[in-house]
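The values are calculated or read from the model by the stated rules, or taken from the named source; none is laboratory data. Just so it is clear, the structure is predicted and the values come from calculations on it, not from any experiment. Here the Cβ positions follow ideal geometry from the backbone for every residue, glycine too, while neighbour counts run over all protein chains shown. Ligands, DNA and RNA are stripped out before the accessible areas are found, and what is left, the full protein with its side chains, is counted by its heavy atoms. Shrake-Rupley method; radii C 1.70, N 1.55, O 1.52, S 1.80 Å.
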Amino acid sequence: MLLSIENLTVEIAEKEVLQDINLEIDHGETHVLFGKNGSGKTTLLMTIMGFSGCRIVRGRILFKEKDITQLPINERAKMGIGMSFQRPPTIRGLKVNDLVNTFNNNGEQTIEQIVHNLHFSEFMERDINLGFSGGEIKKSELLQLIVQNPELILLDEPESGVDLENIKVIGKVIKKLLQKNLRRQRFKSGLVITHTGLILNYLEADRGHLMLNGRIICEGNPREMFETIQNHGYEECVRCQR
Amino acid sequence: MSTITEKAEAALQKKAPYGSDVDLGDYQCDAVSHEYDPHLSRFSEGEKEHIAEVGILPSREERAGSFVLKDHSPVHCSIGQEGVELLPMSDAREKYNNLLRDYLWKAVDVGTDKYTAQTALVSHNGYFIRINPGTKSLYPIQACLYISGEGIAQNVHNMVIAEEGSELHIITGCTTAPHLKKGLHVGVSEFYIKKGATVTSTMLHNWGEEIIVRPRTSVWVEEGATFMSNYVCMKPVRSVQMYPSVRLMGKNAVARLNTIVIATRGSDLDIGGRVSLEAPGARAEVISRAITTGGTIIARGLLIGQVAHVKAHLECSGLILSDEGHIRAIPELDGWVAGVEMSHEAAVGRISLEEIEYLMSRGLSEEEATALIVRGFLNVKMEGLPGELQEKIEKIVNETGKSVF
């Protein structure tokens, strides 16, 4: 198993945000997280990544069979966990180009190729996220992820704020990032948050999970789950699983 | 001239409104004279490296002219481009006695404080630069103000006259001999930038830990002319207090002032810039980036909008990287009429944890992440710098980013 989360309870600012989460993602699998705003999806991703604001009260996280619950963020990143943020911070003066060149771990493609595929060349000399549109932020995040080349890819709403034309570009890049073009020997895994479901067309996701009030309350086929949510709302999805 | 002397004598005890007060009697106004050095070959290898750190190339390659003032002696003065004149101030006063009456102590008031007063009464030379109308200097002029005598005062008076439509870049590198402990540098600089001319003034400071520095700069900018200033001080110094003043006197005159300073423990920096917008279409931008790793910084900025249809922005950002450090940002906007458009941003604080953790999620250690953020913070676009100087500043910025731990 690539990632195992066991009985995880997490607090933010002394308030319990995640309760008793259990989740397993195997090598090559892509899982999708559904849930209303504020249900705890982003917190789960940030806890897996190791952000200090997410305090683990109980439970543990195993990555590649190793307990990483107490590991610092950068050690987790080095082990192969990477995240695309929904609202990353702006860092004034730090150019995208300078940043990605500090952690290039992609042996297959050059940074130039990745930038070209993302149609992102004109932003390389811009300050990270300064004045970026929604779509530009997502592209910058994906660029960093591809350069970082992690095994477990955490995507927080990769399509939010992206126009339809660019969803295609981003979708294709994510598909490649998750090695969906490989039928065999796929080892990259994903955990993806989506509200619109538009990205599902590119993910070939294996499993869906629905979060409500900090708990994972049901699991199933991601496309069927999304259809239910789309047609009847989150409550119906909850009811149907009961 | 007698009026200037009288005004100076009257101001000899006048304390400056900002910065710690300095007892001028603690510093000697006499210094050993140094021989003229026509090829800048008398500097030791160590000294050459030292002055190169502040942008002064002893080879004089890619420089339109070079001037070196060692203590009180102008030890070198050479010019390599027609239409550009570079002289020690003492020579200029003899050669242009009449002309200088229209400029000397016009932009800077001799009675500003005791430092200007002392410089008027006991001047230790300085540089005089004049560029002919329409002449564009191909390379920068480099001027080195160097103190090697222990405990001396170096009172410098510089003047720059850029005639109409000319373009000039001056690099002023100020430094001391590595062994030097005590010293005082007072630098009065008067800039007259005529119609349509552009002057870029880049000043790099690398003083010793116990050196006191009191520059007094004033700039007059005429119609359609531009003044750009870059000031960098990232090495330890006891005290710097400067508040250069720029008057945008003609229509569409432009000023851009960039400042990057780092105060290490024991350093006391009171820096800033003041721009008075006095004609329609005038524009100004004053940007400072201040970091303390234990020292004290007061970052001032003042924009004065005197007429309508002027636009200006002021930015004072400070990063505190040590519990011992202190930064006070004082941005001020002074609007006198309707129709001025002036704004400011000021921020002082620590590096945000969110930014550090974001970079750590890419695999960078906390130290590496902090260094990158510091580097970004100091990354102010300085226009018109020669490549090697840009690289030098970037190198200092990189080293600073790495050395904050």
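Summary table below
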read-out	value
Enumerated helices (runs of 4 or more DSSP H) restricted to the range B:18-128, each holding at least 1 residues that are more than 23 Å from the chain's Cα centre (by Cα) and closer than 19 Å to B:T176 by Cβ	B:45-52
Failed criterion for A:E75 (all others in (1) closer than 23 Å to A:T194 by Cβ; (2) within 12 Å of chain B (Cβ to nearest Cβ); (3) surrounded by fewer than 17 Cβ atoms within 10 Å (Cβ to Cβ) hold)	(1)
Test for B:I291: is it farther than 22 Å from B:M382 by Cβ and in contact (Cβ under 8 Å) with a residue 40 or more places away in the chain	no
Condition met for A:L62 (open to solvent by less than 10 Å² (accessible area, probe 1.4 Å), within 29 Å of B:E367 (Cβ to Cβ), more than 14 Å from chain B (Cβ to nearest Cβ) and at pLDDT 95 or above)	no
Hits in the range B:37-67 (condition: among the acidic types (D, E) and either open to solvent by 20 Å² or more (accessible area, probe 1.4 Å) or closer than 20 Å to B:V160 by Cα (or both))	B:E45, B:E47, B:E49, B:E53, B:E61, B:E62
Matching residues, the range A:164-183, being among the basic types (K, R) and open to solvent by 10 Å² or more (accessible area, probe 1.4 Å)	A:K168, A:K172, A:K175, A:K176, A:R183
Failed item in (1) in contact with a strand residue (DSSP E or B) (Cβ under 8 Å, 6 or more places away or on another chain); (2) surrounded by fewer than 24 Cβ atoms within 10 Å (Cβ to Cβ); (3) assigned by TED's automatic domain parsing to the domain that holds B:A8, with B:G165 passing the rest	(1)
Single match in A:T42, A:T102 (criterion: within 14 Å of chain B (Cβ to nearest Cβ), within 20 Å of A:K139 (Cα to Cα) and open to solvent by 60 Å² or more (accessible area, probe 1.4 Å))	A:T102
Output for the range A:107-127, where each listed residue is within 14 Å of another protein chain (Cβ to nearest Cβ) and assigned to a loop (DSSP other than H, G, I, E, B)	A:E125, A:R126
Pick from the range B:1-17, criterion of a type outside the set (A, V, I, L, M) and in a loop (DSSP other than H, G, I, E, B), ranking: most open to solvent (accessible area, probe 1.4 Å)	B:Q13
Any hit, the range B:96-103, residues being more than 24 Å from B:E167 (Cα to Cα), polar (S, T, N, Q) and free of Cβ contacts under 8 Å to residues at least 40 places away in the same chain	yes
Pick from the range A:144-163, criterion assigned to a loop (DSSP other than H, G, I, E, B), acidic (D, E) and in contact with a strand residue (DSSP E or B) (Cβ under 9 Å, 6 or more places away or on another chain), ranking: least open to solvent (accessible area, probe 1.4 Å)	A:E157
Flag for B:V310 being away from every other protein chain (no Cβ under 11 Å), surrounded by 22 or more Cβ atoms within 10 Å (Cβ to Cβ) and at pLDDT 95 or above	yes
Number of the condition not met by B:H309 [criteria: (1) closer than 21 Å to B:N379 by Cα; (2) out of contact with any helix residue (DSSP H, G or I) (no Cβ under 9 Å at 6 or more places or on another chain)]	(1)
From the options A:E136, A:E141, residue that is open to solvent by less than 20 Å² (accessible area, probe 1.4 Å) and either at pLDDT 90 or above or not in a helix (DSSP H, G or I) (or both)	A:E141
Residue within the range A:215-224 that is in contact with a Ser or Thr (Cβ under 9 Å, 6 or more places away or on another chain), part of a helix (DSSP H, G or I) and more than 14 Å from chain B (Cβ to nearest Cβ) present	yes
Residues located in the range B:131-155, provided they are part of a loop (DSSP other than H, G, I, E, B) and at negative phi	B:N132, B:P133, B:T135, B:S137, B:L138, B:Y139, B:P140, B:S148, B:G149, B:E150
Residue ID - farthest from the other protein chains (Cβ to nearest Cβ), chosen from residues in the range B:371-405 that are under 21 Å from the mean Cα position of the chain (by Cα) and of a type in the set (A, V, I, L, M)	B:L389
Residue list for the range B:348-370, restricted to those being more than 10 Å from chain A (Cβ to nearest Cβ) and either among the aliphatic types (A, V, I, L, M) or crowded, with 17+ Cβ neighbours inside 10 Å (or both)	B:V348, B:T370
Count of the range A:164-191 residues which are under 12 Å from the mean Cα position of the chain (by Cα) and over 15 Å from A:H27 (Cα atoms)	1
Which listed residue, of B:S343, B:S361, B:S352, is hydroxyl-bearing (S, T, Y) and modelled with pLDDT under 95	B:S352
Any hit, the range B:259-282, residues being in a strand (DSSP E or B), open to solvent by 10 Å² or more (accessible area, probe 1.4 Å), over 15 Å from B:Y18 (Cβ atoms) and among the charged types (D, E, K, R)	no
